[in-house]
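The values are calculated or read from the model by the stated rules, or taken from the named source; none is laboratory data. Since this is a predicted model, take the numbers as computed values, not measurements. Glycine also receives a Cβ, built like all others from the backbone with ideal geometry; neighbour counts cover every protein chain displayed.
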Amino acid sequence: MADMAKCREAIARHTARLLWTDHHFQLATTVARLPGLVEHMRPPRRFFRVILKGAADLCLLTPGIDRDDNNAVRIISAEAAAEFLSLLLVTPHTRNIVCALETGLLEFMVDLDAVCPSHRVVPELEDHLTRSLVLPIVLRAFRRRFDAMQGNKRMSSYTQERFRDMLHVFSDQWRAYSEAMENKAWKRAISCSNANAKNHDSTMRPCPCGEEFYCSARCQRDHWRAVHRGECCREDGVWGLDGELP
């Protein structure tokens, strides 16, 4: 009887903790939905690690607790975490989605989909991630994490079966990216911004601002002194978008 009482007490404590987690993420989602807030949220990498690890360990993978009512509570808690995460990822810049990938987004999507395949959050995350694969910085982060998952047979097989369309897009994008990096044809398809020079090299490199391209350091220096010094926005990132493009 004493052991049974202790077991009930442990389950009650864990359920209370799950409910607190659920309310916590629901409140965070409500705050993040305030107008103009989420577009400027750039949490540190450890923030995403805490969300993903906490939701996976506490809400999805807790051993020894199999009661149906408790399972329902922990799934709700995980869904609340996923909805908050989804809100953070749909932003104009790429930093959040890269941090999420690096700290276990793919693994969390697999775990949540396995216990709650009908929930809308996983398809939303999948859709946003798939569309973001056109960006090189996201593509590279996806490749690193997907490669790391290959040592886990359950994760690997589930991902290849459930997220087949996303992996097909990834494969196509990675092939195109690899070919572009290898042949560098784009570097020969752009004219040097220093039109006053008589001779030019065959390949170009961009100014950090993304507005001008140069075939050599000399052309870049001459054009900088004559024109570009007063208009370069390199301190604000590519095209002045403050890091929103890779």
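Structure data summary
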quantity: Residues located in segment 199-216, provided they are of a type in the set (S, T, N, Q) and out of contact with any Asp or Glu (no Cβ under 6 Å at 6 or more places or on another chain); calculated: N199, S202, T203
quantity: Qualifying residue in segment 70-86 (condition: at pLDDT below 70, part of a helix (DSSP H, G or I), among the β-branched types (V, I, T) and farther than 26 Å from K153 by Cβ); calculated: yes
quantity: Any chance P136 is surrounded by 12 or more Cβ atoms within 10 Å (Cβ to Cβ) and touching a strand residue (DSSP E or B) at 6+ places or on another chain (Cβ under 7 Å); calculated: no
quantity: All positions within segment 202-232 that are outside any helix (DSSP H, G or I), over 26 Å from the mean Cα position of the chain (by Cα) and modelled with pLDDT of 80 or more; calculated: M204, R205, C207, E211, E212, F213, Y214, C215, S216, V227, E231, C232
quantity: Selection within segment 112-123 - within 21 Å of R49 (Cβ to Cβ), surrounded by fewer than 22 Cβ atoms within 10 Å (Cβ to Cβ) and either at pLDDT 80 or above or of a type in the set (F, W, Y) (or both); calculated: D113
